[in-house]
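Read-outs throughout are calculated quantities, based only on the coordinates presented, and are distinct from any laboratory measurement. As the structure is a computational prediction, the values presented were derived from the model and not from experiment. Positions of Cβ are generated from backbone atoms using ideal geometry, with glycine treated the same way; all protein chains shown enter the neighbour counts.
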Amino acid sequence: MPTEPLSRKRIVAAAVGLIEREGADAVSMRRIAAELGVGVMSLYNHVSSKDALLDGVAEAVLSEIEFTDDPGAPWSERVRGQARAFRQIAHHYPRCTMLVVSRQLRSAAGLLPVERALATLREAGFDGPGAVRVLRVFIAYIVGSLLREVGVTPAFTPAQTRTISADGVDPALFPEVTSLAGLLGECDHEAEFEFGLDLLIRAVEEMAGRRGSGAEEGIR
């Protein structure tokens, strides 16, 4: 079976796979060339640099987000849908998503999710600064949730709570941690995400309802 010709798409796909296996630090033009079984210099016919390749990875991941936006739905439901769509792709590409949020993208694929979210918030009545601020809060929440799911952030689960030892938890010092250890050790990521998303939506709805009061600077 003939080998597929080298292309930007193949190079980016190889980088996506490498990042998901080993992280973004593993990416180099030499490593990608080895993954594809080609000479390093041949890559430069399709991507100008490692930086351009990483931009391509971020754009490829964002381009897979599937939006099912209903312009006639309440803005809160539209925001929920957009957040869930971003989380879904982030869950599929957890390591690449960390790259996505760290890069300044200017392509259509990179800017489309941002454009959709900002347009939804602007239609809800938020001014420019308010829409940007709310968008950043949602992105921070989604990325933070993802980090917890993939085990990058602490789960706050005590390693040992039933006995007192040098490596355990002293119930006298940490009575709440000890008594709630079972709950701290369990996490339904889907349910936790929806719970947090609901809290954010309610908070933003309250801000939107006070737009005319002057109480929320930058949100009106």
Item to check | Extension gain, Q88 back to E20 (0.36 nm per residue minus Cα-Cα distance, nm) | outcome: 22.9 nm
Checklist entry - From the backbone phi of segment 75-80, what are the Karplus-calculated ³J(HN,Hα) couplings (6.51 cos²θ - 1.76 cosθ + 1.60, θ = phi - 60°) in whole Hz, Gly and Pro given as x? => result 4, 5, 5, 5, 5, 4
Checklist entry - What length, rounded to one decimal in nm, is gained on full extension from E115 through to A172, with 0.36 nm per residue of separation minus their alpha-carbon distance? => result 15.3 nm
Checklist entry - According to a simple spin-label model (label point 7 Å from Cα along Cα-to-Cβ), what is the distance in nm between R30 and S63? => result 2.9 nm
Checklist outcome for this item: Along principal axes, largest first, the alpha-carbon spread of the chain in whole Å comes out as 64, 57, 30
Checklist outcome for this item: Taking 198-206, 59-67 and ranking on average Cβ neighbours within 10 Å, highest first, one gets 59-67, 198-206
Checklist entry - If contacts are Cα pairs under 8 angstrom and at least 6 residues apart, what is the relative contact order of the chain in percent? => result 16 percent
Item to check | Backbone HN-Hα couplings from phi across segment 170-187 [Karplus 6.51/-1.76/1.60, Hz, Gly and Pro as x] | outcome: 7, x, 5, 8, 10, x, 6, 4, 5, 6, 9, 4, x, 5, 5, x, 10, 7
Item to check | By average C-beta atoms within 10 angstrom, highest first, the peptides 124-131, 102-109 | outcome: 124-131, 102-109
Item to check | Exposure proxy ranking, count of Cβ atoms within 10 Å, fewest first, for I142, I89 | outcome: I89, I142
Next on the checklist: Can you compute the charge dipole magnitude of segment 1-155 about its Cα centre, using +1 on each Lys and Arg Cβ and -1 on each Asp and Glu Cβ, nothing else charged? Give it in debye, rounded to the nearest 20.
Outcome noted: 280 debye
Item to check | Alpha-carbon centroid distance for the pair segment 170-187 / segment 71-122, whole angstrom | outcome: 36 Å
Checklist entry - Under the rule of -39500 (n - 2.57) per DSSP H run of 4 or more residues, summed and divided by the residues of the chain, what mean residue ellipticity at 222 nm is obtained, to the nearest 500 deg cm²/dmol? => result -19000 deg cm²/dmol
Next on the checklist: If I stretch the segment between D188 and N45 completely, what's the gain in nm (0.36 nm per residue apart, minus their alpha carbon distance), one decimal?
Outcome noted: 46.9 nm
Item to check | For peptides 4-12, 183-191, sequence by mean Cβ density within 10 Å, most packed first | outcome: 4-12, 183-191
Checklist entry - How many nm is it between the label spots at F195 and A140, if each spot is 7 Å from the Cα in line with the beta carbon? => result 2.1 nm
Checklist outcome for this item: Simple spin-label estimate for D127/V101, 7 Å along Cα→Cβ, in nm, reads 2.8 nm
Checklist outcome for this item: With the dipole of segment 8-48 defined by +1 on each Lys or Arg Cβ and -1 on each Asp or Glu Cβ, the option from G23, M41, A13 whose Cα lies farthest towards the positive pole is M41
